[in-house]
Structures are given as C-alpha cells and as structure tokens.
Amino acid sequence: MTTPARIVAFGLGLAGALGASQAPEYAQQYRQRLGAAIDELRAIVTRFEADARAVSESPQGAVGRLAANPDELARRQGEGMRSTMARLDALERQRRSMDEAGSFGRIVAMVRDRDPLVARGALEVFEPAVPVTTEGAVSAAAGFGTAWIAAFLSMSGLGALVRRLRRRRRIRPEGATGW
C-alpha cells in the first residue's frame, strides 16, 4: 500500500474509532432516558391503580370496565391504559436486561430490544463524550481496526484493479478499440 493510501486508511481508522467509541456513551444516555420513561409511566399506572382501588376494582378489572364501556371516550381510555401498562412492562424488562448484561452486553441489549421512542429521544439530544472507560477504549479500538481493515482492503483492491487496467492497456494491440 502506498503512503497516501496508508494515510487515508489511518484517517478512516481514526474516524471508525471515534464513531465506535460513542456506542457506550449513547447506551448510557439511552439508559437514562429509559429510566425517565419508566418513572413517568410508573407514576401514571400507580395513579390509575389507586383510582381503581378507590372504587374497589383491580387495575385489570378497571381497564376491562373502561374497554367495555359503550362511551367511546371511556373505551379509548381503557385501551390507552392497557397500552401504557404493556409499554411499562416492556421498558422494565429492557432495563433489567441491560442491567444484567454488563458493560459490553448493554450495547447489544439496547440494540436488540430498543424502544423506538426512547432511542429517537436519546439520539436527538445525544452529546458525544471522550471514552475514558475500558468499554469506550475497546469500542474505539474495534472501530479503528474495522475501518482501517476495510480501507486497506478497498485501497488494495482498487490498486490491483488500476494496475491490471494499466497492464491491459499496454498489452492491447495497436489499432484495437474497446477493452
């Protein structure tokens, strides 16, 4: 590989390192938003459960009562609360999964079970950070290696193609047209 190609490959490696090093930081910011969403949904569900108990009804019974109500607004409220309870359960499962996964597993758990609303919100306010954890350093090294190898292979392949085309051009008989 020529010196300019090595410089390009190194630059792409650095870009890969920078990008990959942000994965743990994004996962951490995602977890913060996940916790906030859980807290807010838990407050809504707790208030609903208290209202249900106040009229001697179980939370599921109250949802069923609302969903079966002939009034469309009440029916919609019942379906909305059922959806809110289901989302709360899903978010709590994901938080447990991320907590149990450990450093690198958190990123995988986040990607595998991500909540689109939480992920979008985290991305909208994401602030890059310098990776000072082992997880960030390893992610940066993996990003550098992946980008550098990809650049090296593509540059090597491109160089081989150019050399082959030059050889063909030199070998082509005089007066021949086309490739």
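The values are calculated or read from the model by the stated rules, or taken from the named source; none is laboratory data. In this text, all values refer to a predicted model and were calculated from it rather than measured experimentally. Note that we place each Cβ from the backbone using ideal geometry, even for glycine, and neighbour counts take in every protein chain shown.
Some observations on this one:
- Within the range 13-61, considering residues that are farther than 28 Å from Ala109 by Cβ and among the acidic types (Asp, Glu), the one surrounded by the fewest Cβ atoms within 10 Å (Cβ to Cβ): Asp51
- For the condition under 30 Å from Ala119 (Cβ atoms), out of contact with any Cys (no Cβ under 8 Å at 6 or more places or on another chain), in the same structural domain as Leu117 (by TED's automatic domain parsing) and at pLDDT below 95, Arg42 does not qualify.
- Yes/no for Leu91 being within 30 Å of Ala20 (Cα to Cα), buried (at least 16 other Cβ atoms within 10 Å of the Cβ), modelled with pLDDT of 95 or more and over 14 Å from the mean Cα position of the chain (by Cα): yes
- Test for Met98: is it at pLDDT 95 or above and at negative phi: no
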